[in-house]
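> One structure is given below, represented as structure tokens, and several questions about it will come after.
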């Protein structure tokens, strides 16, 4: 028997998009102020690094330069995402935010690698620094970075684009702590190698954060199942709805942060009418939205034929499927 009907209209999707737009507007405002704070602090740390001769301080200033560009990119991505889109852009420009997150991760890699190189050079040939000036500038940078990170913390839990900017601010905060440690070690013990050693440790930490953000961005671009969701749990929840005999050819992926999509074939009894299937689809979509935050579900209903209807996709490692 041919498929009974296909349910794809989701009235709550427009509500979700409107809410998402309001959230993004708030994120845009916070990113703007973080850009201002980061720019001012970056200039101060660069001047301080030149005057004191501190590699850790100069490294932190260069980190902040890359972070300023990355935060500006995150800001521009939100501005673009909020723009009205032409009819052929059915998902508007939401994916620009994911591309920004990916770029932010990649942009940090050469900066961290450069500081690693310089740190090894300084470990072999230590240079004197002015510890008191390093401590003062580093402390100011730390305060600004903590304020900036606090502005982005809440939104970073749910938005990959803002998470990229937040990780940049965490990296800057770690750099500022490293600057203070290096300055204190030189001031108290005269250990000039503390400066490049701290810079090396900071770079390794930044590389670790980069890999994490890179993996998250790639998962979304590859349309993998969201990391916090279990495909079999979703399938079981759908099958628990009265009237659903089987769920197959199930796909779940992320459009952008906080926007998830699902497609599935749902097998129901032969005695189901089209209106009954539509009512069942309504219940399934509410279940998916309320329990898993999946706000766009496309469901194709199929009538039972006295045997299980499995797509090869559910069994084949290659992911091919036929009907």
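The values are calculated or read from the model by the stated rules, or taken from the named source; none is laboratory data. Keep in mind that what you see is a predicted model, and the values were worked out from it rather than measured. Glycine also receives a Cβ, built like all others from the backbone with ideal geometry; neighbour counts cover every protein chain displayed.
Residues are listed down the side, and each one gets a yes or a no for (1) at pLDDT below 80; (2) out of contact with any strand residue (DSSP E or B) (no Cβ under 9 Å at 6 or more places or on another chain); (3) part of a helix (DSSP H, G or I); (4) farther than 25 Å from residue 107 by Cβ:
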{"position": "154", "(1), (2), (3), (4)": "yes, yes, yes, no"}
{"position": "164", "(1), (2), (3), (4)": "yes, yes, yes, no"}
{"position": "188", "(1), (2), (3), (4)": "no, yes, yes, yes"}
{"position": "202", "(1), (2), (3), (4)": "yes, yes, yes, no"}
{"position": "210", "(1), (2), (3), (4)": "yes, yes, yes, no"}
{"position": "219", "(1), (2), (3), (4)": "no, no, yes, no"}
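> How about region 190-200: which of its residues are assigned to a helix (DSSP H, G or I) and free of Cβ contacts under 8 Å to residues at least 60 places away in the same chain?
Scanning region 190-200 gives a single hit, 194.
> Counting only residues that are within 26 Å of residue 40 (Cβ to Cβ) and surrounded by fewer than 19 Cβ atoms within 10 Å (Cβ to Cβ), how many does region 112-145 have?
Going through region 112-145 one residue at a time, the tally reaches 9.
> Hey, among the residues in region 255-281 that are free of Cβ contacts under 8 Å to residues at least 60 places away in the same chain and either touching a helix residue (DSSP H, G or I) at 6+ places or on another chain (Cβ under 8 Å) or assigned to a helix (DSSP H, G or I) (or both), which one's nearest to residue 96 (Cα to Cα)?
260
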